[in-house]
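The values are calculated or read from the model by the stated rules, or taken from the named source; none is laboratory data. Since the model is a prediction, treat every value here as computed from it, not as a measurement. Glycine also receives a Cβ, built like all others from the backbone with ideal geometry; neighbour counts cover every protein chain displayed.
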Number of protein chains: 2
Amino acid sequence: MRAGPAEPDRRQLILDAALAIADERGLGAVTMRAVAARVGVTAMALYPYVRSKEDLLDGLVGRLLTELSLPDPAKPWPDRLREIGRSARQTARRHPAVMPLLFARPAVTPDAVRVVDAIYLALLDAGVPDEEVARVERLVSTLVLGYAISESSGRFAAGDPREQRALLGGVDLPAHRRLAAKLEAAPSWEAEFETALDDLERLIENIADPGRPGATAADDTTGCAARDPRG
Amino acid sequence: MRAGPAEPDRRQLILDAALAIADERGLGAVTMRAVAARVGVTAMALYPYVRSKEDLLDGLVGRLLTELSLPDPAKPWPDRLREIGRSARQTARRHPAVMPLLFARPAVTPDAVRVVDAIYLALLDAGVPDEEVARVERLVSTLVLGYAISESSGRFAAGDPREQRALLGGVDLPAHRRLAAKLEAAPSWEAEFETALDDLERLIENIADPGRPGATAADDTTGCAARDPRG
DNA sequence: ACCTGAACACCGTTCAAGT
DNA sequence: ACCTGAACACCGTTCAAGT
C-alpha cells in the first residue's frame, strides 16, 4: 500500500532482504545494490517499491515495531508493561544494528502508535492521571528502548582490562577506586533489565498514587526540598 | 597524544571543523573531504591525525563528553545529578546530530568514565549500596541520555495532524481516543525533563532506603531523611 | 615531516532504453 | 508494466610522488 505497482508483497520481500543483511553484516552493509542482489535484481528495480534509501530504513523500523508482540489487554497492567519491555529487549537482541534507528524518528507511524496505545492503556489501568499518561509513556519507552539499545549495541560493555588501565593512566576516579571490587563482576543484563522493570513499576505506582514513600518536591509541604540543604 | 606528529592541537582543529559541519548540515555531511576542505587541506592530509572516519566520529563523541560540565562534588547529591542531566540535555540541543553516537559506543574512554565517576559519587552520597551503584548509574545515564536524544532528534515530535489522521485511518486506538483532548497540548520539554529528574531522584531515594512502605510521615517526621546523608 | 593528486572500489540516484 | 545498463556525482582509503 505504501508504494509499488502490482504486488505490495514485493516491498515486504525487499525489507526482509534488507533486515537479513543488517542482522548478518550490520547497517553499513545495507546498500541498495546489496539488497537488490539478495532479491535477485538490480538496484534500480527497488525504486518502485522503496522511494529512497531513507524510506527503506523507515520500512526496517516498521518491521521491528510489528515484530513487537502486544500483550492481551485483559492481563494485569504490570504484566502487560513487562511483556512489552521484554519483547522490546528481545527484538533488540535479534536486530541490534537496526534498533538505534527507532530512537531517531518520530513515533507517529501506525506501527509505532499501536505500541504507544498499548502502553497508554496499561498506564491508565495503573491509575496514572489522564494528563500525565503521555509523559509517563515517554518515560517508560525511553527507558525501555534506551536499555535495550544500550545493551545490544555495546554501550554497557566493559573495556578490555589491560587496555582500560593504560587508557586511564593518570585520571583520578575516586568512586571507581572505592567500588573497584564491585565493578569487576560482570552483571547479567537480563536480571538487570528485570530490576529496571521493577523500578519502573514502582515509579508508576508512585505517580498513580502519590504522597507515599518519598514525595516530589512539588507536593512537599514540609518545605525541606532536597535541593535546599538547610545550612 | 592519540595520533599525529608535531602538534596534537591539529587533531582538535579537525574535530572542531567536523563538529561545526555536523551542527550545520547533519552527520551525513561530515565527510573526510568536507572536513578537510574546512580545515583548508586535502582529505588525505587528515589521516595522520585521524586514523579513519570511525576514529573521527569517536573524537566527536569525546568532544561532546568534554563539553559536559561536571558539578562541584561539595554540593548536595540531588543538585549534582540534576546539573549533569541538564548539561547533557543542553549538549544534545547544541549538537543533535552527534548525540545519538553516544548511545552506540562503550562508555569506557577517559572522557566517558569521568562522567560515570561523577554519577557514581552522587549515588554513593545518596546512600545507594555499593553493589547497586553500577546498575543505578546505567539506569540514570540511560534515562537522561535517552530523553535528551529523543527530544533533540525528534522522536517525541508529533506528526502533522492532517497527515496523521490519514495515516491512522482504520487503526483502532482506544487509549488515544480516550485521551484525545489531553494529547493535543504541546508539552514543554524542559518542564518534562525536570519532572523526569524528579522521578529519578525519588527512585534513587527509594533504592537507597527501601522497604519502608507507608513510612512516609510515620517514622520520618521531617520527610527529609533519605535526602540528607548526614542524617 | 607533511601534504598532494591520481586512482580504486565503492555509494545513491537519474534516465534512456529494452522487453 | 517492470526491469536493465550506463552514467553522474559522490564516498573512504591507498599509494606514489612532490617539497
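Among the candidates B:GLY214, B:GLY146, single out the residue that is within 9 Å of another protein chain (Cβ to nearest Cβ) and either at pLDDT below 90 or not in a helix (DSSP H, G or I) (or both).
Details: B:GLY146 fails: either at pLDDT below 90 or not in a helix (DSSP H, G or I) (or both).
Result: B:GLY214 is the single residue among B:GLY214, B:GLY146 that is within 9 Å of another protein chain (Cβ to nearest Cβ) and either at pLDDT below 90 or not in a helix (DSSP H, G or I) (or both).
Scanning the range B:70-108 for residues that are over 9 Å from the mean Cα position of the chain (by Cα) and small (Gly, Ala, Ser) yields B:ALA74, B:ALA97, B:ALA104, B:ALA107.
Of all residue pairs spaced 6 or more apart or on separate chains, those with beta-carbon atoms under 7 Å, a first member in the range B:84-97 that is in contact (Cβ under 8 Å) with a residue 24 or more places away in the chain and a second member that is in a helix (DSSP H, G or I) and polar (S, T, N, Q) are B:ALA92/B:SER152; B:ARG93/B:SER152; B:PRO96/B:SER152. Can you spot a residue in the range A:153-169 that is facing another protein chain (nearest Cβ under 7 Å) and surrounded by 22 or more Cβ atoms within 10 Å (Cβ to Cβ)? Checked against the condition, which is being facing another protein chain (nearest Cβ under 7 Å) and surrounded by 22 or more Cβ atoms within 10 Å (Cβ to Cβ), the range A:153-169 yields at least one hit. Among the residues of this structure, B:GLY28 does not count as one that is within 16 Å of DNA strand C (Cβ to nearest atom) and on the phi > 0 side of the Ramachandran plot.
Going residue by residue through the range A:49-69, is there one that turns out to be small (Gly, Ala, Ser), out of contact with any Gly (no Cβ under 7 Å at 6 or more places or on another chain) and over 22 Å from A:PRO110 (Cβ atoms)? For the range A:49-69, residues small (Gly, Ala, Ser), out of contact with any Gly (no Cβ under 7 Å at 6 or more places or on another chain) and over 22 Å from A:PRO110 (Cβ atoms): absent. Regarding the range A:9-27, can at least one residue be identified that is assigned to a helix (DSSP H, G or I), surrounded by 17 or more Cβ atoms within 10 Å (Cβ to Cβ), among the charged types (D, E, K, R) and within 16 Å of DNA strand D (Cβ to nearest atom)? Scanning the range A:9-27 turns up at least one residue that is assigned to a helix (DSSP H, G or I), surrounded by 17 or more Cβ atoms within 10 Å (Cβ to Cβ), among the charged types (D, E, K, R) and within 16 Å of DNA strand D (Cβ to nearest atom).
Of everything in the range A:114-135 that is more than 9 Å from every other protein chain (Cβ to nearest Cβ) and β-branched (Val, Ile, Thr), the residue that is surrounded by the fewest Cβ atoms within 10 Å (Cβ to Cβ) is A:VAL115.
For the range A:82-96, state whether one or more residues are within 16 Å of DNA strand C (Cβ to nearest atom) and not hydrophobic (A, V, I, L, M, F, W, C).
Within the range A:82-96, the first condition is being within 16 Å of DNA strand C (Cβ to nearest atom), and the residues that meet it are none.
No, because not a single residue in the range A:82-96 is within 16 Å of DNA strand C (Cβ to nearest atom) and not hydrophobic (A, V, I, L, M, F, W, C).
I want to confirm something. Restricting to the range B:104-113 and keeping residues that are touching a residue at least 12 places away in the same chain (Cβ under 8 Å) and facing another protein chain (nearest Cβ under 9 Å), which single residue is surrounded by the most Cβ atoms within 10 Å (Cβ to Cβ)? Step by step, filter the range B:104-113, then rank; the result is B:ALA107. Out of B:LEU57, B:LEU101, one residue alone is touching a residue at least 24 places away in the same chain (Cβ under 8 Å), surrounded by 15 or more Cβ atoms within 10 Å (Cβ to Cβ) and within 12 Å of DNA strand D (Cβ to nearest atom). It is B:LEU57.
The C-beta contact set for the range B:26-49 (first residue more than 14 Å from chain A (Cβ to nearest Cβ), second residue within 11 Å of DNA strand D (Cβ to nearest atom) and among the β-branched types (Val, Ile, Thr), distance under 7 angstrom, 6+ apart or interchain) comprises B:ALA29/B:ILE21; B:VAL30/B:ILE21; B:ALA34/B:ILE21; B:VAL35/B:ILE21; B:ALA36/B:THR42; B:ARG38/B:ILE21; B:LEU46/B:VAL35.
Would you mind stating whether A:LEU70 is in a helix (DSSP H, G or I) and hydrophobic (A, V, I, L, M, F, W, C)? Judged against the criteria, A:LEU70 is not a match.
For B:ARG63, are the conditions met, namely being more than 25 Å from A:LEU167 (Cα to Cα) and more than 12 Å from DNA strand D (Cβ to nearest atom)? It is false that B:ARG63 is more than 25 Å from A:LEU167 (Cα to Cα) and more than 12 Å from DNA strand D (Cβ to nearest atom).
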